[in-house]
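The values are calculated or read from the model by the stated rules, or taken from the named source; none is laboratory data. Every value quoted in this text rests on a predicted model; they were computed, and no experiment measured them. Note: ideal-geometry Cβ built from the backbone for every residue, glycine included; neighbour counts use all protein chains shown.
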């Protein structure tokens, strides 16, 4: 006697278990590379922001030919004193600087929620001094730029412990 072969529909329990086990093994293999990537992304974002802020200062200097006096150590609203030279006539320094960044100074925070810091000795009357932008918090180290210019900045563990600071301009 011959039995009729029935066409099966679906998967057996054993087949489903094999697929689930294979997916679990693949997931476990990928997991170590994903752990810590969000923290690494924060440092990458901070470096990108430091570059953008540095470029905004450079663009401002290129447009006006000078920088206004910087009156605060946080990059925030009210950081600039209105320039007094003829090159500043009719210019709102803060608005111009924000236009190069593409967003208001009040919205510019590092990935850990703190404002970026600015160290400056810029003198608009003589067009001399320096400007450094940097990140604070966490593990810190001294960042030194030439003679007499240093700040204590957060270190980047993904970049050989380099302090997260950028010298924007240095005219002596």
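Below, the figures for the structure above:
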{"item": "Any hit, the range 130-145, residues being over 23 Å from the mean Cα position of the chain (by Cα) and within 27 Å of residue 64 (Cα to Cα)", "result": "no"}
{"item": "Given (1) more than 20 Å from residue 119 (Cα to Cα); (2) under 27 Å from the mean Cα position of the chain (by Cα); (3) modelled with pLDDT under 80, number of the condition residue 72 does not satisfy", "result": "(1)"}
{"item": "From the options 163, 157, 124, 68, residue that is closer than 21 Å to residue 44 by Cα and surrounded by 16 or more Cβ atoms within 10 Å (Cβ to Cβ)", "result": "163"}
{"item": "Members of the range 50-62 found to be buried (at least 19 other Cβ atoms within 10 Å of the Cβ) and touching a helix residue (DSSP H, G or I) at 6+ places or on another chain (Cβ under 9 Å), listed by number", "result": "53, 56, 57, 60"}
{"item": "Boolean, residue 104 is surrounded by fewer than 20 Cβ atoms within 10 Å (Cβ to Cβ) and more than 21 Å from the chain's Cα centre (by Cα)", "result": "no"}
{"item": "Hits in the range 59-106 (condition: in contact with a strand residue (DSSP E or B) (Cβ under 8 Å, 6 or more places away or on another chain), part of a loop (DSSP other than H, G, I, E, B) and over 16 Å from residue 133 (Cα atoms))", "result": "83"}
{"item": "When residues of the range 123-137 are limited to those that are at pLDDT below 90 and in a loop (DSSP other than H, G, I, E, B), the one nearest to residue 79 (Cα to Cα)", "result": "124"}
{"item": "Selected residue (only one of 56, 29 is modelled with pLDDT of 90 or more and in a helix (DSSP H, G or I))", "result": "56"}
{"item": "The range 89-110 residues that are over 17 Å from residue 59 (Cα atoms), paired with ones that are assigned to a helix (DSSP H, G or I) (beta carbon under 6 Å, 6 or more apart)", "result": "110/46"}
{"item": "Breaking point among (1) in contact with a strand residue (DSSP E or B) (Cβ under 9 Å, 6 or more places away or on another chain); (2) surrounded by fewer than 18 Cβ atoms within 10 Å (Cβ to Cβ), for residue 147", "result": "(1)"}
